[in-house]
Amino acid sequence: MKRVKIAELKNHLSAHLRAVERGAEIEVTDRDRPIARIVPVLDSATRLRIIPPKRLFSALREKRYPPTRWPVDLVELLIEDRTKR
């Protein structure tokens, strides 16, 4: 099993994921402490299930919802929340 630091994983993520795809296992470390393990999916064909849509997206694209009509101004709530941070 290969051990990589977080920065190494971030810098070369595609290469590491290709190695995992070929069967390698990677242990991710933070200051030499293992925090995660990336392992290949055993049988991806049985885990992935594509469900076809009930309606076309084009039928929903132009749909508009009515205003909420809440008794408060949402912009004021947002500004209040951001000033508390």
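What follows is calculated from the coordinates using simple rules that are stated; it is not laboratory data. Keep in mind that this is a model prediction, so the values were computed, not measured. When we count neighbours, we look across all protein chains shown, and the Cβ atoms used for this are built from the backbone with ideal geometry, even at glycine.
Spacing of the modelled spin labels on Arg64 and Thr29, each 7 Å from Cα toward Cβ, amounts to 5.9 nm. Along the stretch 51-67 the Karplus relation, 6.51 cos²θ - 1.76 cosθ + 1.60 evaluated at θ = phi - 60°, assigns HN-Hα couplings of 9, x, x, 7, 10, 6, 4, 4, 6, 9, 4, 8, 5, 10, 9, x, x Hz to successive residues, with x for each Gly and Pro. For the stretch 11-24, 3J(HN,Hα) computed residue by residue from phi via the Karplus equation (6.51, -1.76, 1.60; θ = phi - 60°) reads 6, 10, 4, 4, 5, 5, 5, 5, 5, 5, 4, 7, x, 6 Hz, glycine and proline entered as x. Stokes-Einstein diffusion for the stretch 12-85 at 4 °C, viscosity 1.567 mPa s, with a Kirkwood radius from C-alpha pairs, works out to 70 µm²/s.
What does the C-alpha gyration tensor say about the overall shape of the stretch 2-42? Classify as rounded when a/c is under 1.5, otherwise prolate if a/b is larger than b/c, or oblate.
Values: a/c = 2.81, a/b = 1.45, b/c = 1.94.
Note, shape of the stretch 2-42 comes out oblate.
Put a dot 7 Å past the Cα of Arg37, heading toward its Cβ, do the same for Leu74, and the two dots end up 4.5 nm apart. Counting pairs of alpha carbon atoms under 8 Å apart in space and at least six apart in sequence, what relative contact order in percent does the chain give? It rounds to 20 percent for the chain. Rounded to the nearest 10 degrees, the angle from helix 74-83 to the longest Cα principal axis of the chain is 50 degrees.
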